């Protein structure tokens, strides 16, 4: 049962990744691209967590947490750049 739920979640995450990638590539403004990039990183973190669950490896969750922190900092830097024009 758990494998089925993980498979469905992975399929939905893949679909969400494609939709966010489309918005990232086509976004009419830079702010749309930044938001889409943030969504892409969140979906990637979800993928890492799903792999950790499927493989039974807790160490992958540490990788997901570090990636989330770096992604958050990166989005903050880009948002400040767009806001101030640095």
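FYI, it's all coordinate maths here, none of it is from the lab. Predicted model only: the values in this text are computed from it and were never measured. Quick reminder, even Gly has a Cβ in these numbers, built from the backbone with ideal geometry, and neighbours come from all protein chains shown.
Run lengths n ≥ 4 of DSSP H only: what is the helix-derived mean residue ellipticity at 222 nm for the chain, with -39500 (n - 2.57) per run over all residues, to the nearest 500?
The per-residue figure over the chain is -32000 deg cm²/dmol.
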Working only with C-alpha atoms, what are the Rg and Dmax values of the chain, expressed in angstrom? 15.0, 51
Say a paramagnetic label sat at a point 7 Å from the Cα of residue 7, along Cα to Cβ; which residues of the range 20-52 have their backbone N under 17 Å from it? 50-51
